[in-house]
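These notes concern the structure reproduced below.
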């Protein structure tokens, strides 16, 4: 299975670990994302499946609170801390079960509204 990873940002440098991973069912993958914008307290994670142009929201981190979308609750998790004035760090954890997790994953940062 192949996972591709990318960052989404407008005028903000968002750093994401790994650009390409090859993994197998049973593996647990953790993708890291960080930025330095102190007032961007929300980190969103998206999935784009092969052959699909739509970005599907996996969930988001707001300060330390995690909100997962229903289809992703079983095999995905988000962690991190967007509080304080230091670098904002978050991660997406994927428990790989099969081809349905083979996708491009995006991290995005946003101001909370």
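A simple spin-label model places the labels of residue 66 and residue 86 2.0 nm from each other, with each point 7 Å out along Cα-to-Cβ. A crude spin-label estimate for the pair residue 112 and residue 55, with each label 7 Å from Cα along the Cβ direction, gives 2.1 nm.
For the pair residue 38 and residue 79, a Förster radius of 25 Å applied to the C-beta separation gives a FRET efficiency near 0.80, rounded to the nearest 0.05. Packing, as the average of other Cβ atoms within 10 Å across residues, places the peptides 68-75, 48-55 in the order 68-75, 48-55, highest first.
Quick note: the coordinates plus some simple rules give every number you see, no bench work behind them. Nothing here was measured: the structure is a model prediction, and the numbers come from that model. All Cβ positions, even for glycine, are placed from backbone atoms using ideal geometry, and neighbour counts span all protein chains on display.
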